[in-house]
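First up is the structure itself, then whatever we jot down about it.
The values are calculated or read from the model by the stated rules, or taken from the named source; none is laboratory data. Since the structure is predicted, the reported quantities are computational estimates derived from the model, not experimental observations. Every residue, glycine as well, gets a Cβ built from its backbone with ideal geometry; the counts of neighbours run over all protein chains shown. We work out accessible area using only protein heavy atoms, side chains counted, and drop any ligands, DNA or RNA first. Shrake-Rupley method; radii C 1.70, N 1.55, O 1.52, S 1.80 Å.
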Amino acid sequence: MDSDDNPLLYPSLFEDCAKDHFNTADTTSRRPFHIDPSYITNGNEIPQRVTMQASAMNKRIHYYSKLSSPSERSLVAPDHVLPTQEDTYVYSPLGTAVKIDGADSTGKNSSLVTIFMIWNTMMGTSILSIPWGIKQAGFTSGVCILLLMGLITLYCCYRIVKSRGEIPFINTSSWEFPDVCQYYFGSFGQFSSLLFSLVSLIGAMIVYWVLMSNFLFNTGKFIYNYVNHINVTEVVLSTNGSDKVICPNIIIPNHSNDSMEDYFANGTEFQEFQTWWNKTDTVPFYLIVVLLPLLNFRSPSFFAKFNVLGTVSVVYLLSLVTFKAVRQGFHIRFQWNGVEDFFVPEFRTSFPQLTGILTLAFFIHNCVITLLKNNKKPENNVRDLSIAYLLVGLTYVYVGIMVFASFPSPPLTKECIQQNFLDNFPSSDILAFVARIFLLFQMMTVYPLLGYLVRVQFLGYLFGNSYPSIFHVLALNVVVVGFGVVMARFCPNIGMIIRFSGAACGLAFVFVYPSLIHMIALYRSEKLKWPSAIFHVCLIILGVANLGAQFFM
């Protein structure tokens, strides 16, 4: 057995390569694997060469790891046979070995960065519909439901974070939640988790398309009117003053058109502009020219660099809401029983519309494990997650209360609050114009990222490759874009889309799977008690009722 003492590597001076390809502190990432030849440094220095024994061992480990699914760890090299961080090498297909120093090259995030990442990821288009949802539920009950749904979704998210640790005798450090679902429910768990994840992603992409059409239409209208010195007078109920608020869903009698324009340009030219620049008939199709090619990019890394636009957009929205509230003052009256002309009751039976919106507004359950993996102190994961949820809840409460309370009633009724509260500001409002510009560019950079996630999950499941060919990718993207165009053309109702997609994906990821997995884990360890079982069964019933109620609202 003298051959056992032979070194696996022939010494040389070659060192600088692939330092950022994996985290050497994680034992699951220190398993022999190959890197693409393009990552191999070819210089004057002689690279270290792998012996035949090392090459054969590497191939065997690769072969064994491919014989089972990612959640099945029996054929994966166990931790105790892995080399130490000081003796870790990366093997390439060309037979080259690169030594990786033990430093953690991927970097870890502090608790503050982790909290901000979760807050930034959760902040999405739902924030535009929160005031409308509170109006549908009634002011008092709406705020209470918002806080209660925040607590429920936080607890279910906590159960997901803890779900991997409840699986005994298996190293689950590299698992995601679908792997946990597959462990407990087999192929059905994997397929259903994929299905509901796609529902949430495609639902978000449809909402984005409707909102981008809205923002692009109002932006183009503002620019055209400004360039041509057109003074637009909206023929809808509205307030007077510099901070004008409109009620676009109530038209003044004796007017057939939505708006009347006093303009100095040629009337025929303006009518032609209105024909070619229509919110539902033309603008949704113009977006195809820009966004469909972007969806076919192999890597979304370019668009990920613009994530800061999301933070800027939310901060600007908060500033806009605050400024408008200060200028308009508060207009609120607590009314429980009587019928008011300008105010809504404190409790309304249409409150499930708010619960559907909030399920998606607080939804981060399908990626929370990924976001917490790089936390510098994993023992603070639960604390950081709770703080992030608290900040998200406070943001939603602030926007919802400020917009609802400051909406000028009278002269307008609270029923005028739109599903996108920016629609309550006329297209000539400069501050609202800036908000629409921010949101438009943010969504145009996030939309390809969502499309990339849909591609990775769907095509990866079907073909085992997220980019099997340009034709597969193009066909998928055409279908997804088609959904958005159809909804923007025939049903530009973001409140309905958000609450249905939120209730559907929330049924699996928020209510059913976290509760079932926790109960099964407790039962297998003989720790399941009746109070815990009743509580988690109630959560499942709540999720089913939340989805069912959306069909009757």
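Data table
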quantity	calculated
Residue, farthest from Ser197 (Cα to Cα), within the stretch 497-534, restricted to residues that are surrounded by 14 or more Cβ atoms within 10 Å (Cβ to Cβ) and more than 26 Å from the chain's Cα centre (by Cα)	Leu528
In the stretch 360-389, the residues that are surrounded by 15 or more Cβ atoms within 10 Å (Cβ to Cβ), out of contact with any Pro (no Cβ under 9 Å at 6 or more places or on another chain) and not in a helix (DSSP H, G or I)	Phe362, Phe363, Ile364, Cys367, Lys373, Asn374, Asn375
Residue count for the stretch 162-178, restricted to those that are crowded, with 19+ Cβ neighbours inside 10 Å and among the basic types (Lys, Arg)	1
Failed item in (1) of a type outside the set (Ser, Thr, Tyr); (2) surrounded by fewer than 14 Cβ atoms within 10 Å (Cβ to Cβ); (3) in contact with a Gly (Cβ under 6 Å, 6 or more places away or on another chain), with Gln442 passing the rest	(2)
Any chance Phe215 is open to solvent by less than 30 Å² (accessible area, probe 1.4 Å), out of contact with any Gly (no Cβ under 8 Å at 6 or more places or on another chain) and under 30 Å from Phe343 (Cα atoms)	yes
Yes/no for Val392 being assigned to a helix (DSSP H, G or I), open to solvent by less than 20 Å² (accessible area, probe 1.4 Å), under 23 Å from Leu371 (Cβ atoms) and touching a helix residue (DSSP H, G or I) at 6+ places or on another chain (Cβ under 8 Å)	yes
Ile357 being under 25 Å from the mean Cα position of the chain (by Cα), surrounded by fewer than 20 Cβ atoms within 10 Å (Cβ to Cβ) and either at pLDDT below 85 or part of a helix (DSSP H, G or I) (or both)	no
Selection within the stretch 179-209 - farther than 17 Å from Ala504 by Cα and within 15 Å of the chain's Cα centre (by Cα)	Tyr208, Trp209
Yes/no for Arg159 being at pLDDT 90 or above and open to solvent by 20 Å² or more (accessible area, probe 1.4 Å)	yes
